[in-house]
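K.L.:
Structure incoming, see below.
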Amino acid sequence: MAFNLNKNSESNSKVDLSKKASSNSKFDLTKGNIPSEKLASGKSSPELKKGEEKKKSKAWIFILLSVVIIVVVVIIVVQNNNTSTTKADNNTPDSTITANTNAVAKDTATPKTTTENSGQNTDANKENPVTNKTNSTSQKYVKGTSYDVYHFASGSPQISGTDPKLDEMYIYLKENPKASIQITGYTDNIGSEELNLNLSKQRASSVFNYLVAKGIDAGRMRYSGKGLANPVADNSTEEGRLKNRRAEFEITN
């Protein structure tokens, strides 16, 4: 009997122990109902959500920074292009202004030179009214005064080429259609008086014909010869004789 009791008690105890173990295991497994994510990562669900939100925030921050950098680069490039264009535009007017300034300076200098020349010519005209050869239209001849118009070669009554004084006299007569003149020829002391008298008339005639050929009315001019009279220089030198071989004119009206 004792053997059987012990056997039963042992079996009963084994059964009780197995029941407790099974009940305990069942209780532990269902009690917490732990999510598989927690078991896998060791983190709770709120913590996972916070991590995902941080990742998204970082991604948005990166995108925003990239956009800002791109915008800044574009602005810098545009500003550099505008600066280059502005410099190019500024350089062109500077050269134009320089060119215009130089042109104005030249134009300003020209009247100054003309004024200086005019002053010189005025002084020259005071000393000798027929010495101005650059502006013959401004010549003023004094009535009753004789002016040289041409110097001849020795023994010749011919006018060869042109002479500024002849042209000045022609312009004066053309611009003063009411003026009349007397043309007088002269010689040096080489040869006889009769020969020189005829030669002097021929020289005056040559001047007369020269002006008529240029369109001056013959009725406004008279001519004569005085030979070797009224020398203006010493006939003992070649230079003096050249000055005496001349034709003069005088305004008579």
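K.L.:
Out of D188, D163, D148, D167, report the one residue that is in contact with a Ser or Thr (Cβ under 9 Å, 6 or more places away or on another chain), at pLDDT below 95 and either not aromatic (F, W, Y) or not assigned by TED's automatic domain parsing to the domain that holds N244 (or both).
P.N.:
Among D188, D163, D148, D167, only D167 is in contact with a Ser or Thr (Cβ under 9 Å, 6 or more places away or on another chain), at pLDDT below 95 and either not aromatic (F, W, Y) or not assigned by TED's automatic domain parsing to the domain that holds N244 (or both).
K.L.:
Do the conditions hold for N235, that is, is it in contact (Cβ under 8 Å) with a residue 12 or more places away in the chain, in a loop (DSSP other than H, G, I, E, B) and loosely packed, with under 15 Cβ neighbours inside 10 Å?
P.N.:
Taking the combined requirement at face value, the residue does not satisfy it.
K.L.:
Could you grab me the full set of residues in the stretch 160-178 that are touching a strand residue (DSSP E or B) at 6+ places or on another chain (Cβ under 6 Å) and not acidic (D, E)?
P.N.:
Listed by number, the residues that qualify are K165, L166, M169.
K.L.:
Also: Assess whether Y223 counts as being surrounded by 13 or more Cβ atoms within 10 Å (Cβ to Cβ) and either more than 55 Å from the chain's Cα centre (by Cα) or within 19 Å of Y141 (Cα to Cα) (or both).
P.N.:
yes
K.L.:
Confirm whether E248 is touching a residue at least 12 places away in the same chain (Cβ under 8 Å) and among the acidic types (D, E).
P.N.:
yes
K.L.:
Which of the following residues is among the small types (G, A, S) and in a loop (DSSP other than H, G, I, E, B): G144, G219?
P.N.:
Residue meeting the stated conditions: G144.
Condition check ((1) in a loop (DSSP other than H, G, I, E, B); (2) over 18 Å from Q158 (Cβ atoms); (3) of a type in the set (S, T, N, Q)) across all residues:
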position: G191; (1), (2), (3): yes, no, no
position: L195; (1), (2), (3): no, no, no
position: R203; (1), (2), (3): no, no, no
position: N209; (1), (2), (3): no, no, yes
position: G215; (1), (2), (3): yes, yes, no
position: L228; (1), (2), (3): yes, yes, no
position: P231; (1), (2), (3): yes, yes, no
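K.L.:
Let me ask another. Going through N117, N128, N121, N132 one at a time, which residue ends up being under 28 Å from E238 (Cα atoms), modelled with pLDDT under 85 and surrounded by 11 or more Cβ atoms within 10 Å (Cβ to Cβ)?
P.N.:
Result of the check over N117, N128, N121, N132: N132.
The values are calculated or read from the model by the stated rules, or taken from the named source; none is laboratory data. None of the values given here were measured: they were computed from a predicted structure. Methodologically, a virtual Cβ is constructed for each residue, glycine included, from the backbone with ideal geometry; neighbour enumeration extends over all protein chains shown.
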